[in-house]
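Before any comments, here is the structure.
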Amino acid sequence: MSAGDWSSVPSRGHGDGQEARLDPPTSAAGTADGRVHGRPAPQYGEYAPDGWVNPVFVEQERAERERQAHEAAVAARESAAAGPGPGAQPSRTSSGAAVPTSRFGKSPGDFLLTVMLLAFGLVSVVQSLSVGTVASGVRRELELRYTTLEDPGALTTAALVSAIVTVVLFVLVAWWSIVRLRRRKRTVWVPLLGGAVASLVTLGAFATVLANDGHFVAWMMQNAGG
């Protein structure tokens with residue numbers, strides 16, 4: 001190769017004597033990171049497959065649900081500690097309709113009926129304590145409708161047993177009713193049940209006396225076919 005041929009080789013430096021370097025990977029159509037001018041950087045998860053969920057959003061939603069549940073629990077505890085306001089207060093159903101509620105019992109009607117039945121039961125208890133009067137009344141009715149008894153004194157024992165059971169039942173029914181009323185539960189059936197049990201006990205006590213009375217049993221056998 002002749003000396004003149006070396007002149008055709010491109011120079012490795014610039015005219016100022018510095019070494020030639022490659023330009024950075026930028027151009028009119030790109031940037032230093034290789035993105036095209038005018039195109040925003042992709043968001044996190046933008047090119048994720050279908051069904052992919054951003055775990056950051058999932059964690060945020062879970063934290064929000066826990067916060068709401070905690071606030072609701074705190075509000076419920078504060079409401080229970082403060083207790084209901086005096087008198088009946090309206091509540092609302094899912095449809096938005098106002099429904100009257102009571103401070104005691106399931107509803108104002110339930111509270112009123114329960115109190116009335118308890119008052120009636122108290123009157124019955126007081127009357128049952130007059131054992132002699134109750135026994136005399138039963139004896140008179142039996143003699144008018146059926147026959148005289150061989151041992152009328154046994155009616156006094158039956159009346160005493162009935163009075164004791166009635167008092168015990170009334171105390172239990174009153175206590176149970178108060179507990180349910182304070183918890184705003186339906187309570188009207190409690191005194192009804194107590195009254196039914198007391199009636200069965202009283203009937204059973206007097207029926208036992210009649211079943212063991214010779215005169216009454218003989219009369220029943222004579223008039224059984226009539």
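We did not get these values from a lab; they are worked out from the coordinates using the rules stated. The structure displayed is predicted, hence computed values, not measured ones. Note that each Cβ is placed from the backbone with ideal geometry, even for glycine, and that neighbours are counted across all protein chains shown.
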What does the extension gain come out to for T157 and A224, with contour length at 0.36 nm per residue minus their alpha carbon separation? 21.4 nm
Can you compute the FRET efficiency between E71 and K185 using 1/(1 + (r/R0)^6), with r the Cβ-Cβ distance and R0 = 35 Å? Round to the nearest 0.05. 0.80
Compactness summary of region 96-226: radius of gyration and Dmax from Cα atoms, Å, are 19.8, 69
Calculate, in nm to one decimal, what L203 and T133 gain on full extension: separation in residues at 0.36 nm each, minus their alpha carbon distance. 23.5 nm
With the crude spin-label approximation of a point 7 Å out along Cα→Cβ, what separation in nm comes out for V167 versus V58? 7.0
For a label point 7 angstrom out from the Cα of T148 toward its Cβ, which stretches of region 190-226 have the backbone nitrogen within less than 13 Å? 215-216
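Within 12 Å, Cβ to Cβ, of T133, how many net charges do the neighbouring residues add up to if Lys/Arg are +1 and Asp/Glu are -1?
On the way: positive: R139, R140; negative: none.
Here the charged neighbours net out to +2.
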Please report, in whole Å³, the volume per residue of the convex hull around the C-alpha atoms of region 181-222. 58
